[in-house]
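Contents: one structure, followed by commentary.
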Amino acid sequence: MVNRHLCSIVGALLRCAVPWSVLFFGGAAFAQVAETVKNPKDLEEIVVTGTLIRDTAPTGSQVLQLSSAQIATIGAVDTSQLLGNIPQDQMFNNRPQVGSFGQYQTINHPILRYLAGNAAGGSSTLLLLDGERMPGMGIYQTSPDMDAIAPGAIERIEMVTGGGSSTYGADAVGGVVNLITRRRFDGLEFGGHYGGANSYRQWDATATAGHSWSSGSIWLSYDHVHDDPLNSSARSYIRDYDYVNKLPLDLQCSPGNLVQPISATQSLIFPIVNGAPSAAPGLGNRCDNAKAGTFFPSQTRNSLLAGLNVDLTDSLTFDMRAYYMNRTSVQGSNTTALYNVIVNPVFFSSVQGSLVSAFGGRIYATTKLDTYGVTPRITLKLGHDWQMFAFINYGDSLAKFTTPGLDPTALQTEVFTGAFNAFAGAFTNTPAGQAASAYQTNFLGYSTGRDSISNGRVVFDGPLFALPGGDIRAAIGSEFLREDYTLRTGFAEASNLSSILEHSNHRTISALFGELSVPIIDEGNRLPGLYLVSLSASGRYDHYSDFGGTFNPKIGLQWQPASQWTLRGNWSKAFQAPSLAETVSANVAQLNVVPAGYFPNPADQGTAGLTSLILYPGGGSNLQPEKARSWEVGTDFKPEVIPGLSAGMTYYKIDFTGRIGAAPFYNSALYFSQFPNNFIMHPTAAQIQAFVNLSGTPGNAASYIASPGSVYALMDARDQNLSSVDTSGLDFNVHMTHPTHFGSVFGGVDGNYILTYDQQSYPGGPVSALKNNQISQLHMATSAGARIGSVLAQATWQYTQGFPVTPTAANLQQSHIGSFGVVNLAFQYNPEGDGGWKDMALNLNIDNLLDTNPPLYNGNLTNNTPGYVGFTLGRFIQLGIKKKF
């Protein structure tokens, strides 16, 4: 399989055959984002992200950076944790949690510009490793996992905000994040961290060995991380609570409750006492199932990264990167042992209860991920400053999610046959009951997702001809990419997991691209007010085997009226290809059968005794790419009269359309009025047959095909291109470094302020503004510190502004979520001298110094655990050490 894919790459490549100011925020201080560098000639390493042309930066774009020194100061053990320090990323002042949404959250990926939910299949931010793609990872997610590469192996992280599809193709709507690893290493280096918070411990160990010689270097880096689980019961603010009645909220308890619907929105609750429902309705037996969950999952991760760089001749260089990672995360809960079964089909009466005690207390879901990748590359100097760069890139990943669970269909049958007593929450002491108990005890939810990429690219770049301002430089290239994805998800006994069917899909992409960098004004022809003017233009055509072609251009302009002042701007089109996990071939829809009265058509109220068939969840057919138009304008200022001061601001606007989602079948009035192509009322047998053939469980509908008069509606809720987001905002930064007799002092502010965030759920639908979308408007990091000899001390305040929520009786008319701010301290000691102290660094980090809890909410907002909004481990203290020999 690998050889066939590599041959396809080589064959496709054979068939297919911008110098000025850099917006570079780097490590002058250890603040989260530091100063702007004016000219690429001032940099030891030239920014390469966002452009195909050597020794330049993307014209008119904002480039953010985390240097190796900043990474070491933060003390992160996961790369995704680093993005929590960048105000432009959705995880700022937060932290992604693998397993928190089961098989829908199996990896961590960056999300710049707040353009997507973290559990989305694809990602609107492109993640690169040394400028190249990594394989998709996860189950229902198919984006690369940031944590496949350990922080200790990263030399720096570069982030280019704004559209990047003209250079890289899909998934660069919000921007590009490039993990850049070291090029050379000589010696041995060991390091590690140990830390913890209340009821939580974490440690990691790293080792790097390498050898360099005059023409090359080879090195290997290993990283091991372990996190203990942090249970929700260890944090008082986590609670699923009925604030009106001052009771826990959940009804799926032991003993349970009999629930009798009396309307579409109201039910009577009869608490179960001594194995029988009480005679009078009441508030029911209540419990808080959120307390049984895991607030932060346990993790064990092993990572390997290797590099080889050799100058084979004066004009030919060979370079290779290879990595491997395996990770196991365990998330505890009891939700898979909760049941809701119908005991009276005429009145739809059901019993809600819990089998937690029968399953051994808490239930543990396990997420495992294995991934690897290898990229050999050559660089060939062609003469006259022209160069060819080419690589072949192959990567593969396998994700598994396993959780104990109940088979709801079998449990319903066991209720009607008497093998399971729903009122007592126990299986009967009969052969049938014992068999049912054994079956349910060994029943598992099981999902796997396999992703692989075969990728190759060739790029030629060099000067075309000279202008008074310098050489016009160009780059042109071709790329081929094949993506494969296989999904396996379902429920079965542990001994019969092979019965769960696999579904797969693949696509191939061929691309042609080019870029021009035009120095209009530079050293050779400067005028007053025209210190530097430069223009760039790039474009890329991608042809996808599943939906056709798309062309995406980008234009950038930069003007320096004076050496210390830069004005910049760019306009671009970008796109996000449908994730293969969102396609009907790989993610076959499940057929759900519900009473028609649950989701009635307002224009057809005759639901009595009828059933609706719903295709949900599942991938869509004829999906098109999500498209975006964006532009940025910004300025950077570094006055010579105030050495050490730098400031910048960027305004951006993004119009992101055709976003993929499912029609809201649960909102009957909206669904039946706005999605006429998604349902069929009172279908014929032939229509039912065609409909159920689209599902992964067509056998469930045999009785309805035989009796079509019992079917009220066919409702399609598979994925389709629906929503849009129109957002704008400001990025800003101010930094100051001042030398002193003892060393230096420094401080700075970096932030993102969202001006607008207009979201439309479906074409022609109402637009909800920022205040209705549960999005914080201001994200800001303020740092101050000093270097005193060999000691660095820094304090950082990370702040996330609160936002309005809709007041209701259930949340006690709460109208606002409070702001969230934490203070982090970092200390670093670099001993001077020879011997054992040489090349050693000691670190102390205290995150959330004041042990501030997240702001409270009287309920449960989207993507948040009940009771609060935000994330913190609490006061977290960590010691770190690194030593090179």
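The values are calculated or read from the model by the stated rules, or taken from the named source; none is laboratory data. It should be emphasised that the depicted structure is a prediction, and the values quoted were computed from it without experimental measurement. Note: ideal-geometry Cβ built from the backbone for every residue, glycine included; neighbour counts use all protein chains shown. Ligands, DNA and RNA are excluded from the accessible area calculation, which covers all protein heavy atoms including side chains. Shrake-Rupley method; radii C 1.70, N 1.55, O 1.52, S 1.80 Å.
At a glance:
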| item | result |
| --- | --- |
| Positions within region 742-785 being within 20 Å of Met91 (Cα to Cα), more than 25 Å from the chain's Cα centre (by Cα) and small (Gly, Ala, Ser), in sequence order | Ser783 |
| Pick from region 519-541, criterion over 30 Å from Asp484 (Cβ atoms) and surrounded by 20 or more Cβ atoms within 10 Å (Cβ to Cβ), ranking: nearest to the chain's Cα centre (by Cα) | Ser536 |
| Matching residues in region 739-777 - criterion: being more than 17 Å from Tyr652 (Cα to Cα), touching a Leu at 6+ places or on another chain (Cβ under 9 Å) and open to solvent by 70 Å² or more (accessible area, probe 1.4 Å) | Ser761, Pro763, Gln774 |
| Selected residue (criterion: nearest to the chain's Cα centre (by Cα)) from residues of region 848-873 that are open to solvent by 40 Å² or more (accessible area, probe 1.4 Å), within 15 Å of Ser100 (Cα to Cα) and among the β-branched types (Val, Ile, Thr) | Thr862 |
| Looking only at region 402-426, and only at residues there that are modelled with pLDDT of 95 or more and among the aromatic types (Phe, Trp, Tyr), the one that is surrounded by the most Cβ atoms within 10 Å (Cβ to Cβ) | Phe420 |
| Qualifying residues in region 599-616 (those that are of a type in the set (A, V, I, L, M) and assigned to a strand (DSSP E or B)) - the one nearest to Val588 (Cα to Cα) | Leu615 |
| Residues of region 259-276 that turn out to be assigned to a loop (DSSP other than H, G, I, E, B) and closer than 27 Å to Thr865 by Cα, as a count | 3 |
| Among the residues listed as Ala358, Ala290, Ala279, Ala365, the single one being modelled with pLDDT under 95, in contact with a strand residue (DSSP E or B) (Cβ under 9 Å, 6 or more places away or on another chain) and in a loop (DSSP other than H, G, I, E, B) | Ala279 |
| Single condition Ile86 does not satisfy, out of (1) under 26 Å from Ala841 (Cα atoms); (2) open to solvent by 10 Å² or more (accessible area, probe 1.4 Å) | (2) |
| Residue count for region 542-583, restricted to those that are assigned to a strand (DSSP E or B), open to solvent by 10 Å² or more (accessible area, probe 1.4 Å) and small (Gly, Ala, Ser) | 4 |
| Counted residues, region 621-639 - those being outside any strand (DSSP E or B) and closer than 19 Å to Ala663 by Cβ | 4 |
| Test set (1) open to solvent by 20 Å² or more (accessible area, probe 1.4 Å); (2) at pLDDT 95 or above; (3) not in a helix (DSSP H, G or I) - Ala435 fails condition number | (3) |
| Residue list for region 581-615, restricted to those being over 23 Å from Ser143 (Cβ atoms), at pLDDT 90 or above and of a type in the set (Ser, Thr, Tyr) | Thr611, Ser612 |
| Of residues in region 584-616 being touching a helix residue (DSSP H, G or I) at 6+ places or on another chain (Cβ under 6 Å) and under 14 Å from Tyr671 (Cβ atoms), the one most open to solvent (accessible area, probe 1.4 Å) | Pro602 |
| Filter result (of a type in the set (D, E, K, R), more than 16 Å from Gly449 (Cβ to Cβ) and open to solvent by less than 50 Å² (accessible area, probe 1.4 Å)) within region 368-401 | Arg377 |
| Close pairs (6 angstrom Cβ cut-off, 6 or more residues apart or separate chains): farther than 21 Å from Gly729 by Cα in region 636-654, small (Gly, Ala, Ser) anywhere | Lys638/Ser646 |
| Residues located in region 649-677, provided they are open to solvent by 10 Å² or more (accessible area, probe 1.4 Å) and over 30 Å from Ala603 (Cα atoms) | Met649, Tyr651, Lys653, Asp655, Thr657 |
| Ala474 vs. criteria under 30 Å from Leu532 (Cβ atoms), touching a strand residue (DSSP E or B) at 6+ places or on another chain (Cβ under 8 Å) and open to solvent by 20 Å² or more (accessible area, probe 1.4 Å) | no |
| Per-region count, region 138-155, residues closer than 15 Å to Pro110 by Cβ, in a strand (DSSP E or B) and not polar (S, T, N, Q) | 1 |
| Candidate set from region 241-258 (those that are part of a strand (DSSP E or B) and in contact with a Phe, Trp or Tyr (Cβ under 8 Å, 6 or more places away or on another chain)); member that is surrounded by the fewest Cβ atoms within 10 Å (Cβ to Cβ) | Leu247 |
| Residue identified as in a strand (DSSP E or B), at pLDDT below 95 and open to solvent by less than 20 Å² (accessible area, probe 1.4 Å) among Gly445, Gly456 | Gly445 |
